[in-house]
Each structure stands twice: as C-alpha cells, then as structure tokens.
Amino acid sequence: MTNNKTVLAWLEEMKALLTPDEVVWIDGSDEQRDALRKLSVETGEMEMLNQEKLPGCYLHRTNPNDVARVEDRTFICSKTKENAGPTNNWCDPDEMYAKLYDIARGSYKGKTMYIIPFSMGPVGSPLAKIGIEVTDSVYVVLNMLIMTRVSPEVLEVLGDSNDWVRCLHSRCDIDPEKRYICQFPEDNTIISVNSGYGGNVLLGKKCFALRIASYQGWKEGWMAEHMLILGLENPKGEVKYVAAAFPSACGKTNLAMLIPPKYLREKGYKIWTVGDDIAWMRIGEDGRLYAINPENGFFGVAPGTNVNSNFNALESTKKNTIFTNVALDLNDNTVWWEGLNKNLPENALDWKGNPWDPAKFNKADKTTCAAHPNSRFTAPAENCPCISDEFNKGAGVPISAIIFGGRRAKCTPLVYQSKNWENGVFIGSAMASETTAAAAGAVGVVRRDPMAMLPFCGYHMGDYFAHWLEMGKKLGDKAPKIFNVNWFRTDDDGNFLWPGFGDNMRVLNWIIDRCEGKADASETAIGYVPMPEDIDLTDLDMDMDTLKNILTVDKSMWEKECAEIEEHYKKFGDRLPEELKNQLATLKANVEKL
Ligand code: GTP
Ligand code: SPV
Ligand code: MN
C-alpha cells in the first residue's frame, strides 16, 4: 500500500510486538466493508438489524465494564510531568511504553491485525492530518470507516512524510485493571489497551483529533477544540458560522442539527451542520478564523434522541449505522432507547443482552434502563439531512462566534456575551458543568471543565490558555465574538426552565445579531446579557418572568463562583496567564458592586 519508510518500519515493529496470524490493510472499499460486516456477524461481535427498516445497520454490545471513556486511566506521556500539567494523569514515556508493550505483547496471536490509514479532515485538505491505526477489532474497523476518511489515497497524500499519528489499539482481555489510554504527544503516538468502547478505541477521535492535535495546534499555531460547527442561514440566504464547546453529553450534537421553531422556519431560517464534536481551526489568508470538522461521521448519544428533540440525528441513523449498547426490540429486530418514543418495547433485550421487563422500568433508576445512558450511534455524516455543503470542502468555514456552555442548574444565565476576546478566554477557562455518563464515574457533580477540554487537552492547561490568548492577539479585530450559554437552568423541583433543543435557535439569533451589532444588551458584572424583549418568545409557552429569571446574575451565587474559580486557578501556578488573573480580579470587583 505504501513505500513510506516510517510507516513500514512502525508496522514491522507492531507485527513483531503483537504477533498477528494475518495482516489486512483496510482500503475503504464497499466490498471489504461488507465482508467485514459479515465476519463480525459470524463471530458474534455484531448483530445484523432489520435490513428493510435499517439497511446496513448493526448492533454491538461492549463488555459491561467498558461503556464510557475512562479519565482516570487516560495519560499524557510527555517527557516531563510539568508539560502534561495539573489536569492530566502523567507517566514517564519510557516507563509507559515498557508497561504497555508488556500488556500488548503477543495479544494479536490467533487474530488478524487490521491496518487503517485514515485522514482527519477531507483528504488532502491543508487543514487535515493523517493517522494509521492498527487494531484487532472488526468493530473498530467498521466504526473508523464511518468516523474517518479511509482510502489508499490517504497514503498517497502522506507520501514520504513522517507527519502522521501512530495509533495502536489492542483489545487484550478487556481487563479494566490493565486498561490504559495513552497519548505520547512528542512522538505522535497513541496506545490504547484493554478497551473496546468508542472514545477509548476510535483513536482518530478524542485521542488524535483532540489530545494529540491540541498539542500540535499549540506548536504549529492553530487550535483543536471540542466544538460543534454550524451554519445559520437567514432569510436573505446569508450563512454565518458558529463553533460551540460544551462538555460531553451537554448538547453539541443537538445544537449542531437544530431545526428552528416553525415561525422562524417559515421566515426562511435554517441550520446547516458542519460538525458535532470536534473543530480544527486556523487563521485564513483574510485573517479570520476558519474551521473544519476533522471527522466523517457522528458518534452520538442515543438516549433522548427522538423525532422532536433531534430529527436530523435520528434520520442520520436510518442506514449504515452501528448502534452500541442500545436495546434490541425483538418484535422487528430494530433498536430502542429511553426517550426514543413512549412505546416501551414488550419484547426486548437490554444493552447487556438480557430480557428487559418494561414493567420494572423506573426513569429515576438508571439500572432499570433498556439502553445504557451512554449508548451511542455511529452514523455517516452524509446521512444527515442538514449536512452543510461546506462539510467536504477542505478550506473550512469562517467562524463569527464561539460559544461556551455547560450544564448548570443555577448561577449561569441562559446566554451572555464576553466583553472581548480576553474576557471570553477567561469565561472559557472558568467554565463548569455537571458530569454526565459519557465518562466513567459520578454523574451530576459540578466540575470545572475549561473550554470543555478538561479530558482532552494534550498539554499543560496554563499553556493552553496562553495559546488561546495568543490566537486572539493574532486575530485582532477579526476574532470571533465569544459567548456563554446554559440551556440547563432548573426550578427548585429540578425542571428545566428553558425549553432547549430547537428553541435554542432563539438564542442563536440573538448571538448573530450581536455579532452584527443589531441587538441590544445590558452590561452586567459578568458580561452583556440580552434585554429580555430581545429574546423572541413567539409561539412559546413561556412567560417574561421565567425568561427574566434565567437571565439574572445573582450576587451571592457569583461570589461563590468567584471563590471557586480562584481555587480552580491555583492549580495552574505560574503558568496561569497574568491576563486571566486580572480578569478574575475584575470579575470579583464587579460582583462586589452588584
Ligand atoms: P458528546 O458526544 O458526548 O460530546 O455529547 P454532545 O455534547 O454532542 O451531547 P448531545 O447533543 O448528544 O446531548 C446529550 C444529552 O443532552 C441528550 O440526552 C440530549 O437530549 C440532552 N440535551 C441536548 N440539548 C439539550 C437542550 O437544549 N436542553 C436540554 N434540557 N437537554 C438537552
Ligand atoms: C465524548 O465523550 O465527548 C464523546 C464520546 O464525544 S467519546 O468518543 O466516547 O469520547
Ligand atoms: Mn464529545
């Protein structure tokens, strides 16, 4: 497939280490994909679903001990601990290579080694990067064929270059005690052992496109972010692009594929999806910030996805999709998950493959769920009815606004705008959100998750903040405007106060209006908050008082917030940029005056 000496040498090393019985190059052809689908059904790795209703769709169940990312077993193995920074687990690279090679040695015996050459970003785009993943899992191969661009052309584009990421995955024994997800940023290398779950094993995604790429972006002057990218088309047919960073399972896929409320659709508003999880952004020749989506598919959260909440995501899963850890409806061999519809299947298997009794289902008790709360679909982007024309173009789209957000039951208002880039970086660096099922561990605990990158930043987060500030200086007055949103404010009974989903369009419109200098705002202690009358409530069953309530900036809450940010900042020591210290001091002073 290639004469690239660096590739051939690494593959020889991998073969000697892993000792597969066979070696197969993945070429991205339909024939090979179909043969692998067939093989995966024969081995039981996948189940074929109803091919009339869901053509090309399959179900996979992971080991129940292996259903989400494992942050405590994820390491950044930079040469020094200091360079991994206070928010990452670190291990000396030599030590970690030795440990992982011991775990992986001989683990492909009796198996096939699949070699997947893939491009993150349209093949040949100046913003794209190349990786090669070796794996012993057909599930991984079939997912990578959806999530990345795989073809012999990738190797042609690579030529003799050594600028590619080495990705080793081995399922080993799926032993959680020996599970490691390790990035070696200085070596362009990723090693993942003892897992078979998406984010841990589709190495182009979080491991490469965020952890390794964030480091590359720092060194090379660009940005790799945990952001969706969408285009908002107005009735005049003009499209403005927005990138938004929310932590895992906090609404990126939903916002990226949003369908505007009826009255706005009728006026001609429309949303186009460029990406739902990751953005790579560079300064273009005109000095603006341009973004591409390096992925080729969506690895989306299944529960809660339905025709009303996210019609476009649901449509995307109707063909050539792999479902992981959802329930199987035995009546017609289709899939089901909590929130898909109200028809709890009478005759179904839960995500573990056990018979599921709908009578015992209790919404509040996750152990009674049919689908795992972090069950996912892997769907080709080309299936998405609102995929942007720009999606396959390598040039990227110019970003007008960057939005941060998270799950905050209290405190953070529905939306506010930063005073400037520096203030926006401060808001991103101080972001907090309630944890979700996307990672192993407690759910619903508020934690600081700067720029939604806490689990994904491949270097010292203090340096990452400095890089953001530096990008702002380079962008100058062409920098995107920075906003913060919170769809998740609740009343005292825990009910969401904002309808969310398609109605988030009302907030996006205010954001775009602000970028164009068309909407008013009131200056508060934390930034510019909309005048309540500037958020359009047409056709919405919501009163002004509720809206005013979710736009309030409460003194005592923000005093507490300032104290928590101060604590959070202490971690970064002398690598915390001076500008951010000053920003915090200003916020404190402003809050005092409230
Ligand atoms: P990752 O793929 O983990 O990075 O997640 P994501 O940020 O793409 O999250 P996603 O859009 O899949 O949403 C996760 C969960 O949040 C789903 O259960 C949604 O139903 C819910 N959700 C998304 N948007 C909203 C919203 O506007 N309001 C409310 N209340 N819930 C939302
Ligand atoms: C996330 O957890 O942010 C995801 C899913 O997008 S995973 O690929 O598992 O990381
Ligand atoms: Mn994500």
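The values are calculated or read from the model by the stated rules, or taken from the named source; none is laboratory data. None of these values were measured; they are calculated from a predicted model. Counting neighbours? That spans all protein chains shown, and the Cβs are built from the backbone with ideal geometry, glycine included.
So here's what we get for this one:
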item: The one condition in (1) in contact (Cβ under 8 Å) with a residue 60 or more places away in the chain; (2) among the hydroxyl-bearing types (Ser, Thr, Tyr); (3) farther than 21 Å from residue 427 by Cβ that residue 524 fails to fulfil; result: (3)
item: Neighbours by Cβ (under 7 Å, 6+ apart or cross-chain): first from region 293-319, in the same structural domain as residue 130 (by TED's automatic domain parsing) and free of Cβ contacts under 8 Å to residues at least 40 places away in the same chain; second more than 16 Å from ligand 3 (Cβ to nearest atom) and among the polar types (S, T, N, Q); result: none
item: Some residue of region 400-408 being of a type in the set (Val, Ile, Thr), within 16 Å of ligand 3 (Cβ to nearest atom) and not assigned by TED's automatic domain parsing to the domain that holds residue 522; result: no
item: Residue 191 vs. criteria closer than 22 Å to residue 79 by Cα and within 16 Å of ligand 2 (Cβ to nearest atom); result: no
item: Sole residue being of a type outside the set (Val, Ile, Thr), more than 15 Å from residue 121 (Cβ to Cβ), within 16 Å of ligand 2 (Cβ to nearest atom) and touching a residue at least 12 places away in the same chain (Cβ under 8 Å), chosen from 210, 203, 230; result: 203
item: All helices (runs of 4 or more DSSP H) inside region 175-290 with 1 or more residues being within 14 Å of ligand 3 (Cβ to nearest atom); result: 198-201, 213-220, 252-256
item: Filter result for the condition that a residue is part of a helix (DSSP H, G or I), touching a residue at least 12 places away in the same chain (Cβ under 8 Å), more than 19 Å from residue 407 (Cβ to Cβ) and touching a Cys at 6+ places or on another chain (Cβ under 6 Å), over 581, 548, 588; result: 588
item: Flag for residue 148 being within 16 Å of ligand 3 (Cβ to nearest atom) and either modelled with pLDDT under 95 or buried (at least 16 other Cβ atoms within 10 Å of the Cβ) (or both); result: yes
item: Hey, residue 401 out of contact with any Ser or Thr (no Cβ under 8 Å at 6 or more places or on another chain), closer than 27 Å to residue 482 by Cβ and touching a residue at least 40 places away in the same chain (Cβ under 8 Å) or not; result: yes
item: Qualifying residue in region 204-211 (condition: within 13 Å of ligand 1 (Cβ to nearest atom), under 18 Å from residue 487 (Cβ atoms) and touching a Gly at 6+ places or on another chain (Cβ under 7 Å)); result: no
item: Unique match (being within 16 Å of ligand 3 (Cβ to nearest atom), buried (at least 20 other Cβ atoms within 10 Å of the Cβ) and not acidic (Asp, Glu)) among 304, 300; result: 300
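This table checks each residue for (1) touching a residue at least 12 places away in the same chain (Cβ under 8 Å); (2) away from ligand 2 (no atom under 16 Å from the Cβ); (3) buried (at least 22 other Cβ atoms within 10 Å of the Cβ); (4) not aliphatic (A, V, I, L, M).
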{"site": "372", "(1), (2), (3), (4)": "yes, no, yes, yes"}
{"site": "396", "(1), (2), (3), (4)": "yes, yes, yes, yes"}
{"site": "410", "(1), (2), (3), (4)": "yes, yes, no, yes"}
{"site": "414", "(1), (2), (3), (4)": "yes, yes, yes, no"}
{"site": "419", "(1), (2), (3), (4)": "yes, yes, no, yes"}
{"site": "426", "(1), (2), (3), (4)": "yes, yes, yes, yes"}
{"site": "430", "(1), (2), (3), (4)": "yes, yes, yes, no"}
{"site": "434", "(1), (2), (3), (4)": "yes, no, no, yes"}
